[in-house]
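Student: Below you will find the structure I want to go over with you.
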Amino acid sequence: QVQVAESGGGLVQPGGSLRLSCAASGSIFSMYLMGWYRQAPGKQRELVGSISIIGRTNYADFVQGRFLISRDNDKNTVYLQMNSLKPEDTAVYYCHVQAVSGDYWGQGTQVTVSS
């Protein structure tokens with residue numbers, strides 16, 4: 001059974017930082033792309049960024065250098081370091097794994113940026 005689990009969400013003040021983690025386990029073969037999406041209330045889910053198995057990253061324009069994605073292939077884990085957070089970053093953040101065996105999503109973790 002494949003499991004993708006996010007952690008690290010919470011409440012943070014504007015300008016603060018959070019680090020999200022996503023661990024994938026089970027029969028996931030060749031996780032060639034791992035990434036993060038987010039969905040704010042009333043909006044569509046959107047890509048935050050992704051990282052390939054060789055470490056090549058891709059970010060949405062709104063990231064503007066504030067976020068950093070990294071991965072540990074030995075642990076099947078991807079991270080999202082978020083800095084200079086803004087209220088508009090408030091959303092549920094989802095981990096996404098693209099593997100040879102299929103696409104997998106986590107349940108999401110809430111990030112709230114508010115004073």
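Student: Failed condition for Asp61, given (1) at pLDDT 95 or above; (2) open to solvent by less than 60 Å² (accessible area, probe 1.4 Å), with all others met?
Tutor: For Asp61, the exception is condition (2).
Student: Now for a different question. Can you name the residue in segment 19-47 that is more than 16 Å from Ala99 (Cα to Cα), in contact with an Asp or Glu (Cβ under 9 Å, 6 or more places away or on another chain) and part of a strand (DSSP E or B) and, of all such residues, is least open to solvent (accessible area, probe 1.4 Å)? Even if it seems obvious, please write down each step before you answer.
Tutor: Step one: filter segment 19-47 for residues more than 16 Å from Ala99 (Cα to Cα), giving 19-21, 37-47.
Of the ones still in play, those that are also in contact with an Asp or Glu (Cβ under 9 Å, 6 or more places away or on another chain) are 20-21, 37-40.
Now drop any that are not part of a strand (DSSP E or B), which leaves 20-21, 37-39.
Values: Leu20: 0, Ser21: 28, Tyr37: 58, Arg38: 18, Gln39: 63 Å².
It comes out as Leu20.
Student: How many residues does segment 89-114 hold that are touching a helix residue (DSSP H, G or I) at 6+ places or on another chain (Cβ under 8 Å) and open to solvent by 50 Å² or more (accessible area, probe 1.4 Å)? Before you say what the answer is, go through the steps one by one.
Tutor: Restricting attention to segment 89-114, the residues satisfying the condition of being touching a helix residue (DSSP H, G or I) at 6+ places or on another chain (Cβ under 8 Å) are 111, 113-114.
Those still in the list that are open to solvent by 50 Å² or more (accessible area, probe 1.4 Å) too: 114.
Adding up the residues that qualify gives 1.
The values are calculated or read from the model by the stated rules, or taken from the named source; none is laboratory data. Because the structure is a prediction, the values reported are computed rather than measured. Methodologically, a virtual Cβ is constructed for each residue, glycine included, from the backbone with ideal geometry; neighbour enumeration extends over all protein chains shown. These area figures cover heavy atoms from the full protein model, side chains too; ligands, DNA and RNA do not enter into them. Shrake-Rupley method; radii C 1.70, N 1.55, O 1.52, S 1.80 Å.
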